[in-house]
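Notes follow once the structure below has been shown.
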Amino acid sequence: MVTLIFIGIIGLLVGFLVLVAIYDLVQSKHTILRNFPVIGHLRYILEGIGPELRQYIVTNNNQERPFNRDERSWVYASSKKENNYYGFGTDNAIENELNYLIIKHSAFPHSPPPRGPEELPTIACSKVWGAARGRAKAFRPESTIYISAMSYGSLSAPAVEALNKGAAMAHCMHNSGEGSVTPHHGHGGDIMWQIGTGYFGCRDEEGRFNLEKLKEVIARYPVRAIEIKLSQGAKPGHGGVLPAGKITEEIAAIRGIPMGVDCVSPSSHREFTNVDEMLDFVEMIAQATGLPVGIKSAVGQMDFWQELAEKMVDGKRGVDFIVIDGGEGGTGAAPLAFSDHVSYPFKTGFPRVYREFAIRGIADNVVFVGSGKLGFPQSALLAHALGCDMISVAREALLAIGCIQAQRCQTNKCPAGITTQNKWLMRGLDPQHKSVRFANYALNLQYEIMELANACGVPHPSLVTLDHFDILGEDFSARSARDAFGYEPGWALPPQAEQERLWAEGKGFQAKARAKSKAALSAAE
Ligand SMILES: Cc1cc2nc3c(=O)[nH]c(=O)nc-3n(C[C@H](O)[C@H](O)[C@H](O)COP(=O)(O)O)c2cc1C
């Protein structure tokens, strides 16, 4: 009898676990459960009681890197439209932390006109891309946030699809990364095409740049701008790396590379080897396509930037935009020494570059973009105050679509199906669900950036300057951020006419875009 009861209980248990496994496999909301049926629940249970456990035995809310728990939880909650507020006050040691930034609010915050029920927040860029150089396809991005370069190859097909669909819903651009524009980028999101040293998607048999191929791709996809990659913060001076294990037949065909060996693109460009040649290359592409053309780089030796700014003063040639990536930036795969030690962090590197353009009076002619853990309201606001017109986000976007910071991007074993080409792991990522998550995150981020800007008393984040920030120091002192960064009054603001327009309008959000986004989000949910 006892044996029968025992067998019965075991049978029920097994039956229950089989039902759970079937449910996990069929549902499409949670990637981890689809990829790891039944045992995946352990993660959610541990996640639920993790804060209490960690509080005593492992880490506090601010210890983990690259993104601490507070940061990850904020992205997760924002992307799921859950409560992303925190109670009981800050747990940061405000008075003990080095370089702690304080945003100085106004006694009279800016109150924007009320938003309609259909309106969602996207903040339009305060500069028109390509306008200063009269590009035929100059445009004003509807969203100051966009998805930073991450190639198909380093990312899975469903991840790229989710990001592209999310970009369409949130009206933000999606940077292709150096692996070329692919069919997975063709889901409605505007594309920024990144051209790296491998010229993937626009190269000839010998691996040299081919303008005709570039034009063919541009004719097929909604490419809004071309970004020439000089370097990225996690591995400047190293070139791209796609480990052999992640190269499928499709990726090999798209890139025009062999299978079975790591795809390592050269550390520097073959089409230009100095600033003059680079500017000629930029102008050649801009004239042939009509698109704004810019560069992405981390910051190391400054002679390059000084020469670039100097050569742009006469207005004959120039880049339309400059993306500065901080040394703290992410990557699919890189040598540790490069990630840890090569190039300045964003807050050191960006101001050095901006200064070269500001002192020559040509900062208005360039759109500045920042990246490097800037996908949070307070860091994005500081980036605006330093002179960024736009913010690009990579890993924060991945967190929004389900990344759990497993830090296995280089192994092809990403448990969230994002940085892998493993069919089983990819299957868990439902692009439809995750696209909405990304869109929610991007819209919420802009909403909170705007709330901070309004608290400072201005109607648009581009009007926030370093005078709105202080840095706490020893003996309870507070130092002006403008002094600390060595900025002159008036730096980092948009062109005068644009400032006047933003003040006159009084609301930085884009009503029309928001109505469209709202409809797209409802349809997808
Ligand atoms: C998986 C992955 C792949 C990336 N691939 C590229 C790339 O192809 N080209 C590039 O310029 N940067 C690449 N990056 C760097 C990001 O575009 C971005 O500059 C950097 O991660 C900083 O932004 P974040 O702090 O918001 O992640 C990649 C980053 C990640 C995480």
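The numbers here are math on the coordinates, done by the rules we state, and not lab data. If you're wondering where the values come from, they're calculated on a predicted model, not measured in any experiment. With ideal geometry, Cβ positions are generated from the backbone for all residues, glycine too; neighbour counts draw on all protein chains shown.
Miscellaneous remarks
- Shape class for the range 1-67: oblate, because the ratio a/c of the largest to smallest gyration tensor axis (alpha-carbon atoms, square roots of eigenvalues) is 1.5 or more and b/c is at least a/b.
- Neighbour cut-off at most 11 other Cβ (10 Å), DSSP loop, chymotrypsin sites (Phe, Trp or Tyr not before Pro), the range 1-106: Tyr85, Phe88
- Inter-part distance where the range 232-305 and the range 205-222 are each reduced to a Cα centre, Å: 14
- Taking 0.36 nm per residue of sequence separation and removing the Cα-Cα distance, the Phe476/Ala504 pair yields an extension gain of 6.2 nm.
- Annotation for the range 164-215: GluC sites (Glu not before Pro) lying in DSSP loop with at most 11 further Cβ atoms inside 10 Å of their Cβ are Glu205, Glu206.
- The mean of 1/r over all distinct Cα pairs in the range 370-485, once inverted, gives the Kirkwood hydrodynamic radius of 16.3 Å.
- Dimensionless Rg ratio for the range 89-163, taking C-alpha atoms and the 2.2 N^0.38 Å reference: 1.75
- Binning the C-alpha pair distances of the range 71-229 at 10 Å intervals from 0 yields a P(r) profile of 9, 26, 30, 21, 11, 3, 0 %, listed from the shortest bin outward.
- Legend: calculated FRET efficiency, Arg352 to Leu46, from the Cβ-Cβ distance at R0 = 45 Å, rounded to 0.05, equals 0.55.
- Restraint check, Lys80/Lys296; Lys81/Lys347; Lys80/Lys347; Lys311/Lys507; Lys137/Lys311, Cα-Cα greater than 27 Å: Lys80/Lys296; Lys81/Lys347; Lys80/Lys347; Lys311/Lys507
- Mean projected area (nm²) of the alpha-carbon convex hull when the range 117-157 is viewed from all directions: 5.2
- Ellipticity estimate at 222 nm from DSSP helix runs (n ≥ 4, -39,500 (n - 2.57)) divided over the chain, nearest 500: -12000 deg cm²/dmol
- Rounded if a/c under 1.5, otherwise prolate or oblate - the range 209-316, Cα gyration tensor axes: oblate
- Potential lengthening of the chain between Asn60 and Asn99 amounts to 12.1 nm, from the contour at 0.36 nm per residue minus the alpha-carbon distance.
- Listed pairs Lys316/Lys373; Lys29/Lys127; Lys29/Lys235; Lys235/Lys413; Lys229/Lys413 exceeding 32 Å between Cα atoms: Lys316/Lys373; Lys29/Lys127; Lys29/Lys235
- In sequence order, calculated HN-Hα J values of the range 273-281 (Karplus, 6.51, -1.76, 1.60; Hz; x Gly/Pro): 10, 8, 4, 4, 5, 5, 5, 5, 4
- At 0.890 mPa s and 25 °C, Stokes diffusion of the range 203-248 via Kirkwood alpha-carbon radius, µm² per second: 183
- The alpha carbon convex hull volume per residue for the range 1-152 rounds to 301 Å³.
- Under the convention that each Lys and Arg Cβ holds +1 and each Asp and Glu Cβ holds -1, the size of the dipole of the range 244-357 around its Cα centre is about 220 debye.
- Measuring between their Cα centroids, the range 177-199 and the range 1-38 lie 42 Å from each other.
- Radius ratio Rg over Rh of the chain, counting only Cα atoms, Kirkwood formula for Rh: 0.99
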